[in-house]
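J.: Mind looking over this structure? Questions follow.
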């Protein structure tokens with residue numbers, strides 16, 4: 001039996017204010033929860049008895065068996081699943097040395113939880129360990145973002161930072177960004193390290209961030225020069241750019 | 001002033017049943033409606049007087065000036081815009097000769113309107129004129145799909161067809177599909193013509209469709225062979241694959 005106060009607490013984690021106050025975040029569903037359980041400290045785990053019985057040793061501060069009815073009341077999903085978990089938010093520090101030597105993604109105001117989740121999932125796929133977000137980017141611990149990462153949130157470090165100051169500090173690292181007037185990603189030699197800046201869905205990359213970008217990139221449409229949709233969705237553009245970086249890296253190895 | 005029956009009619013177009021009965025579809029918002037007006041027959045256009053005044057000659061069967069209140073009642077969007085338009089659905093026929101000579105996309109049961117809209121937008125970007133969908137794929141005229149195409153629906157022909165029969169007919173054309181056990185897209189020579197089959201979000205490509213696929217493709221993760229998210233979102237995978245087809249085409253030209 002799930003108490004009213006527990007239900008209220010879980011549902012409050014939909015709001016950034018309460019996530020910040022508690023330092024916690026929410027994940028729902030068998031696959032997601034199992035994927036991230038080994039990586040984050042689980043404070044509270046609510047699940048159907050059959051789900052609990054099917055697991056081995058469950059490391060959770062508090063473990064509550066609940067029925068369908070309770071889970072439906074606590075869940076933020078349209079289709080509630082067998083398990084809801086509350087995790088402690090990890091406290092990552094920016095490692096500038098790592099940023100200098102690896103490839104990282106930067107979000108300058110990406111707003112849509114689905115896009116952010118997809119970007120983190122892409123980072124995981126392409127071996128990109130760090131995603132740095134401007135403070136006004138969507139919160140990675142927004143439950144919709146967490147769900148959209150499909151578990152990649154456990155393997156990718158997402159950190160929030162003031163971008164102009166950070167990029168200014170990293171001025172010996174190639175800083176890439178996607179622009180309509182950049183160089184073709186097919187023709188530009190893409191390095192194995194550096195930062196790739198992706199802009200807000202509507203407004204793109206802000207001027208005070210853009211001025212730190214040393215290599216402007218463009219995704220060619222086809223056939224070149226024809227009329228087309230004037231832009232690609234930010235997650236799709238990130239996918240194409242990351243893929244081309246890694247294709248060129250593999251070619252060189 | 002918008003009559004109750006007009007509001008009811010517009011809102012009914014959220015449902016496939018009524019779209020099929022009327023042969024119509026809905027588009028909302030200044031940019032989308034203006035982008036597609038030249039391409040489709042507009043049956044009904046409802047807009048704020050200031051919006052109407054700002055346009056040149058408007059070709060619409062019926063033009064109704066409406067206030068905020070009326071538009072809010074008719075709109076399917078969370079944030080209603082200045083204009084709502086009802087268009088006649090185009091009646092495209094499959095042109096098998098065109099399919100043999102160009103590059104086309106195939107949806108084997110893609111379900112999410114956002115994914116389908118993104119795929120059509122990608123097709124437009126990469127000069128892919130035809131998208132063929134299995135009958136159980138999401139309806140391209142679903143208002144959410146129409147919005148997600150960002151106007152690309154005007155330039156890309158989306159046709160529904162039984163895939164096994166069609167693919168069997170096109171057996172002299174390369175038929176590609178993304179699989180976990182395929183050949184790397186970086187190493188496979190990707191042709192300028194052919195079909196690229198993308199599968200359902202959860203189930204992938206069905207066996208009776210897969211058996212017609214002559215070239216299995218794989219998007220390499222990085223570094224190769226490491227543990228990662230086990231799959232990419234279908235729209236993201238489509239983006240990476242289409243980009244690689246077109247990159248190789250440009251390289252050959």
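The values are calculated or read from the model by the stated rules, or taken from the named source; none is laboratory data. In this text the structure is predicted, and so the values were computed from the model without any measurement. Neighbour counts run over all protein chains shown; Cβ positions are idealised from the backbone, glycine included.
J.: Looking at segment B:241-253, which of its residues are over 17 Å from the mean Cα position of the chain (by Cα) and under 13 Å from residue B:177 (Cα atoms)?
T.: Scanning segment B:241-253 gives a single hit, B:245.
J.: Look through segment B:191-202, keep the residues that are surrounded by 14 or more Cβ atoms within 10 Å (Cβ to Cβ) and closer than 22 Å to residue B:113 by Cα, and return whichever of them is farthest from the other protein chains (Cβ to nearest Cβ).
T.: Filtering first and then ranking leaves B:197.
J.: Hey, can you tell me all the residues within segment A:234-246 that are within 7 Å of another protein chain (Cβ to nearest Cβ) and either at pLDDT below 90 or closer than 17 Å to residue A:174 by Cα (or both)?
T.: So in segment A:234-246, the residues within 7 Å of another protein chain (Cβ to nearest Cβ) come out as A:235-236, A:239-240, A:243, A:246.
Within segment A:234-246, A:246 is the sole residue that qualifies.
J.: Pick from A:11, A:19: which is touching a strand residue (DSSP E or B) at 6+ places or on another chain (Cβ under 8 Å), assigned to a helix (DSSP H, G or I) and either surrounded by 14 or more Cβ atoms within 10 Å (Cβ to Cβ) or without any contact (Cβ under 8 Å) to a residue 40 or more places away in the chain (or both)? Steps first, please.
T.: Values: A:11 fails: touching a strand residue (DSSP E or B) at 6+ places or on another chain (Cβ under 8 Å).
Sole residue among the options that is touching a strand residue (DSSP E or B) at 6+ places or on another chain (Cβ under 8 Å), assigned to a helix (DSSP H, G or I) and either surrounded by 14 or more Cβ atoms within 10 Å (Cβ to Cβ) or without any contact (Cβ under 8 Å) to a residue 40 or more places away in the chain (or both): A:19.
J.: Name every residue in segment B:203-233 that is modelled with pLDDT of 90 or more, under 21 Å from residue B:115 (Cβ atoms) and within 11 Å of chain A (Cβ to nearest Cβ), in order of residue number.
T.: Scanning segment B:203-233 gives B:219, B:221, B:232, B:233.
J.: Do any strands (runs of 3 or more DSSP E) entirely within segment B:40-136 hold 2 or more residues that are touching a residue at least 60 places away in the same chain (Cβ under 8 Å) and surrounded by fewer than 18 Cβ atoms within 10 Å (Cβ to Cβ), and if so, which?
T.: Working: elements: B:42-47, B:62-65, B:83-88, B:103-108, B:130-133.
Correct list: empty, since no element meets the threshold.
J.: On to the next question. Just for segment A:144-160: of the residues that are in a helix (DSSP H, G or I) and either free of Cβ contacts under 8 Å to residues at least 12 places away in the same chain or buried (at least 21 other Cβ atoms within 10 Å of the Cβ) (or both), which one is nearest to the other protein chains (Cβ to nearest Cβ)? Spell out how you get there, then give the answer.
T.: Residues of segment A:144-160 that are in a helix (DSSP H, G or I), as a first pass: A:144-148, A:152-154.
The next check asks that each one be either free of Cβ contacts under 8 Å to residues at least 12 places away in the same chain or buried (at least 21 other Cβ atoms within 10 Å of the Cβ) (or both); those that pass are A:145-146, A:148, A:152-153.
On the way: A:145: 14, A:146: 14, A:148: 9, A:152: 5, A:153: 10 Å.
Here the answer is A:152.
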